[in-house]
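Have a look at the structure below, then the notes.
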Amino acid sequence: MSAPQPSAEALVSVSNIHTHYGKSHILHGVTLHVGAGEVVGLLGRNGVGKSTTLKTIMGLAQPSQGEVKFAGRAVTGLPAHKLARLGMGYVPEDRRIFRFLTVMENLRTGLDRRGVTAQRKQELLDKVFAYFPVLAERRHQPGGTLSGGEQQMLAIARAMMLEPRIILLDEPTEGLMPRMVSQIAQIIGALHRDGVAILLVEQNVPLTLQASERIYIMEKGMVRHHCAASDINVNDEAIRQYLGV
Ligand SMILES: Nc1ncnc2c1ncn2[C@@H]1O[C@H](COP(=O)(O)OP(=O)(O)OP(=O)(O)O)[C@@H](O)[C@H]1O
Ligand SMILES: [Mg+2]
């Protein structure tokens, strides 16, 4: 079992993070990194602290110890909106789209920010509509009327409006039909080709191994295993234990 080392060139690096919810000590020294343009999978059984790791990176949970760096700068504890402005995107487990706003209005919440020209806004919209043609079809529909898979696409598309350098994706395929799962996998591939880094939390182990370059496996609030995605052997008993498969 190799210990993950934070890399000097990492886009996001997390060093020895401890996070509590009230008196519960949830993260016990998580260390991981994601390089620029890299897709990294974060796996582990239910309740091991995957979502808490993403929330701590995104400034939504405050660590009691440890450091988060983004592009070489210490950003530990900065509020989420500041991190978003620096280029960190986040799509939470519950997606949090605006149900009563149309698809277009949902996307505009990410577009209406300083320094984005009308031309750039149009380019960004054209790009997400090319990625997600179904969102173009449904652009005038309230977000709450979309299917689960379409809402997931809208949540990812909205994150893309902020032109992030990395997206933290929490269980994007949870509860989706197989056809939608493969569309989400294709989008992850397309974002990767566009140079966007992704930290992917998933229960879908085959999808994660296929989409990611490297994998971290968590257990009880710690990273237990770290390796290239191609080196994971899902028949290995220790790996099966960690993944609960
Ligand atoms: N807001 C909270 N208050 C108190 N405890 C919490 C809170 N959120 C999560 N926890 C607890 O922290 C632990 C880690 O939760 P977390 O959501 O990070 O796990 P996870 O690996 O994402 O699990 P899952 O696979 O079920 O999404 C769990 O024991 C959970 O019950
Ligand atoms: Mg979770």
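Taking 7 Å steps out from each Cα toward its Cβ at Asp236 and Gln141 produces label points 4.4 nm apart.
Dipole magnitude for segment 12-243: computed about the Cα centre from +1 point charges on Lys and Arg Cβ and -1 point charges on Asp and Glu Cβ, it is near 740 debye. One decimal place: the segment Arg85-Glu9 gains 25.3 nm when fully extended, by the rule 0.36 nm per residue minus the C-alpha distance. Taking 0.36 nm per residue of separation and subtracting the current Cα-Cα distance, fully stretching the chain between Thr102 and Arg224 would add 39.7 nm. For the chain, the 222 nm mean residue ellipticity estimated from helices alone, with every DSSP H stretch of n ≥ 4 adding -39500 (n - 2.57) and the total spread over all residues, rounds to -10000 deg cm²/dmol.
Cα centroid distance between segment 202-224 and segment 94-156, in Å? Spelled out, the Cα-based centre of one part sits 28 Å from the other.
Could you grab the relative contact order for segment 163-245? Cα pairs under 8 Å, six or more apart, rounded to a whole percent.
24
Backbone phi angles across segment 148-160, fed through the Karplus curve with coefficients 6.51, -1.76 and 1.60 (θ = phi - 60°), yield HN-Hα couplings of x, x, 5, 5, 5, 4, 5, 5, 5, 4, 5, 4, 5 Hz in residue order; Gly and Pro are listed as x. Computed on the chain, with alpha-carbon pairs under 8 angstrom and 6+ residues apart, the relative contact order is 28 percent.
Note on the chain: antiparallel DSSP beta bridges, both residues inside, total approximately 60 percent of the bridges counted.
Grouping the Cα pair distances of segment 115-203 into 5 Å bins from zero gives a pair-distance distribution of 3, 13, 25, 26, 20, 10, 3, 1 percent in increasing distance order. Less than 5 angstrom separates the built amide H of Val12 from those of Val34, Ala71, all sequence-distant by 5 or more or on a different chain.
Note on the chain: percent of Cα-Cα distances in each 5 Å bin, starting at 0 and stopping at the bin with the largest distance, equals 1, 6, 14, 18, 20, 17, 12, 8, 3, 1, 0. Look at the dipole of the chain built from charges on Cβ: of Pro92, His25, Thr102, the Cα furthest out on the positive end belongs to Thr102. Taking the fewest neighbouring Cβ atoms within 10 Å as the starting point, the ordered list for Ser212, Ser51 is Ser51, Ser212. Close Lys pairs in the chain, defined as Cα atoms under 26 Å apart and 8 or more places apart or on different chains, number 14. With axes computed from alpha carbons, what is the tilt in degrees of helix 118-131 against the longest principal axis of the chain, rounded to the nearest 10 within 0 to 90? So the helix axis and the longest Cα principal axis differ by about 70 degrees.
Read-outs: derived from the displayed coordinates by stated rules, not from any lab. Just so you know, these numbers come straight off a predicted model, no measurement behind them. Because the Cβ atoms are built from the backbone with ideal geometry, glycine has one as well, and the counts that use them run over all protein chains shown.
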